[in-house]
Structure formats: structure tokens, C-alpha cells
Amino acid sequence: MKRTSKILAGGAVALLIGFIVWLVGMSLIDWNFYRLDTAKYTERSYVCESEVKSISVSLSSFPLTIKKGDSVLLDYYEADNSEVFVEEKNGVLSVVEKYKYKPFSSGLFNVGRLTHKFSLTVASGAKLEINGSNSYIYISGVTFDEFSITGANADIRFADVEFGNLNMNVDNSDIEFKNCTMGALSIIGVNTDCELNGSTIDSMSVRSANADIGMMNCKTSELNVNATNLEITADDCEFNSVVIDSTNADCELLRAALNKLKIDSTNLDAEIEITGTASEYTVKTKGRMMPAERIGTTDKLIELSGTNNDVTLKFV
């Protein structure tokens, strides 16, 4: 039995080494990896004929970019291993792409999708719904009152975007906001990796089994996070209220301007650095290895609760 296991392990290592050598060799001779994709692509365009009040996009294999324009225009590709349906009716534009997998005839790799994107140009103000899995979504310079995204295994990027309300229900996704302005942001998922930089949000809610949140130079009135396993880092951010409820929480709030902070976690590892005067804050704690309690001179409040804790609190 041990001999068989050793043979299998040796074979796996040899196979891995062989693949790495092949990959490096092909790269050195500048081989075109896109040739691995055997799908045939046909470029298409669709220009909306009337005013569009709502847009619905559902993609299963193509990347999507959204940008601002004077009218609604879709540039896209049809492939022989997928179906695309575009319909405009009663002010609603619907776009659906379905991947057709055929054993022994579909290409082993869909790397050609990386250079064949769906590009949607929109005017400001429309309602947008996106459903995408295993895809890349990039949205820049647009304004929406209502925006919702549903998907899994997606890489989603927002830049210079304004939303009234943004609702995201995404699993195993990487999300990034840069210089965005939002009314209400809601994120629900299983494994959520979210980065925010230079963004302003009225209220932000995150509910995830495993969440990794990074914020830098952001402003938000209310931040509510509920996660089983949470890692959150906020640097140079302004908050009115922060509420964190997590079983295992690793929190790093650096140079944070806030009025109210509440953290409730079974296993809590936190470094909290508040921009303000210590005497203004009432500090309430529950659990071992917590900062000393005190009564403040204002209604500013810090509440910390945990069972297994390593918490530091200081004011700068």
C-alpha cells in the first residue's frame, strides 16, 4: 500500500513539473495561448431604438464592461459554443448569454473570452440588473438609481461610479470600489473579498460566512458587518456608527474618526486607533484582556464584547 502511494505521489509530482516546464517553454518562445480556445467568435452590435429605463444582463462565460455614453449601445460577441439573446421591449433591454458545453467537442480552454468582451454603453439614470458567474465585470463612470448584481466566482470592479442603491448577492467573489459614491450598499455572500478606496457611502451592510474587507480614505455613516469569520482593515476612514457581529474577528481600525463602535465576537483580535479625544468616549467592555472602562463627556460610545480577546485601544 505504501509503495503504491509513493508511486502515485511521484507520478503527480512528475506531472506537475512537466506542466511547469511546458508552460515556461511555451512562454519563452512567445507562444499564443489563445490558440487553445477553439471557439469561433462573431462580433455584433445592438443600438437601442427607444428610451431604456431598465437593463437586465445575464452572462455565463463572457466578461462585461459598462461605461457611460449618450445612449444605450451593446457591443458583443457570438460564439459557436454559446447562445446570445438580445431583446428590447417596453423600455427594458434584456441580454442573455448561455454557455453550451459539449464533451469532446468544446475547447479545453475558454481563454479567448479574455479578449472578447461584452461592452455596454449606458446613459445615466437607468435601472441595471446583472447576473454573472465565472466572469469579470468592470463598471466605470456611470450613474444608476438602482443597481443589483447576482453571481458567483466573479471579479467585479467599480470606478468613479454613482449609485442610489446597490444590492449584491455574490459568492466567492472579489469586489473593488474606487472613488465611488453610494446611497445604500448591501453585500450578501459566502466568501466575500471587498476593497474600497476613496469612496463615500451613506450606509454599508455586509453579511457573509467569510469576509475580508479593506477600506482606505472612505466615508460612511453606518457600517454593519455580520460574518462568521471576519478580517477587516480600515485606514483613515470616517464613520458615524460601526457595528460588527462575528464569531472570529480580526479587526484593524487605524486613524478612524467615529462616534459609535460596537464589536461583539467570540474570538476577538482587534487594534483600534481612534482619531479623537479619549475623555469624550464612554468605553464599555465584556470579557478578559479588554481596555479599561470609562465614562465619557459626550454621547460617543465604544462597546467591546468577546470571550477570547486580544484588544488594544488608543486615541491619536
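The values are calculated or read from the model by the stated rules, or taken from the named source; none is laboratory data. What you see is a predicted model, and the numbers here were worked out from it, not measured in a lab. A quick note on method: Cβ atoms are made from the backbone with ideal geometry, for glycine too, and the neighbour counts reach across all protein chains shown. Side chains are part of the model used for accessible areas, which takes the heavy atoms of the whole protein and leaves out ligands, DNA and RNA. Shrake-Rupley method; radii C 1.70, N 1.55, O 1.52, S 1.80 Å.
For GLU238, the solvent-accessible surface with a 1.4 Å probe is about 90 Å², rounded to the nearest 10. Counting pairwise Cα distances across segment 261-313, what percent come out greater than 16 angstrom? Summing the P(r) tail past 16 Å for segment 261-313 gives 35 percent.
With a cut-off of 11 Å between beta carbons, the residues surrounding ILE302 carry a summed charge of +2, where Lys and Arg count +1 and Asp and Glu -1.
Legend: residue pairs LYS68/LYS98; LYS219/LYS314; LYS40/LYS67; LYS127/LYS284, Cα-Cα distance threshold 32 Å; pairs beyond threshold, LYS127/LYS284.
Carbon and sulfur: what percent of segment 252-306's accessible surface (1.4 Å probe)? All intermediate terms of the calculation are to be shown ahead of the outcome.
On the way: 1330 of 2830 Å².
Carbon plus sulfur share of accessible area: 47 percent.
How much accessible area per residue does segment 109-176 have, in Å², with a 1.4 Å probe?
Details: 2560 Å² over 68 residues.
Each residue of segment 109-176 exposes 38 Å² on average to a 1.4 Å probe.
Counting only protein heavy atoms and a 1.4 Å probe, tell me what percentage of segment 90-229's accessible area is made up of carbon and sulfur. It is 47 percent, rounded to a whole number. ASP264 sits with roughly 70 Å² accessible to a 1.4 Å probe, with DNA, RNA and ligands left out of the calculation.
So, for segment 267-316, what is the accessible surface per residue at a probe of 1.4 Å, expressed in square angstrom?
Numbers: 2850 Å² over 50 residues.
Accessible area per residue: 57 Å².
Accessible area per residue (1.4 Å probe, heavy atoms of protein chains only) ranks MET290, MET215 as MET290, MET215, with the largest value leading. Return the aspartates and glutamates within reach of LYS89: Cα separation strictly under 12 angstrom, same-chain partners fewer than 8 residues apart disregarded; answer none if there are no such residues. Within the straight-line limit of under 12 Å, LYS89 reaches these aspartates and glutamates: GLU49, GLU51.
In terms of its C-alpha gyration tensor, segment 178-316 comes out oblate, because a/c is 1.5 or above while a/b does not outweigh b/c. Measuring only protein heavy atoms, the 1.4 Å probe finds PHE85 accessible over about 100 Å².
Work out how much length ASP310 to ASP236 would gain on full extension: take 0.36 nm times their residue separation and subtract the Cα-Cα distance, in nm to one decimal.
24.4 nm
Near the amide H of ILE137, within less than 5 Å, lie the amide hydrogens of LEU64, ASP155, ILE156, ARG157, all on another chain or at least 5 residues away, with H placed in the peptide plane. Potential lengthening of the chain between SER71 and THR42 amounts to 8.1 nm, from the contour at 0.36 nm per residue minus the alpha-carbon distance.
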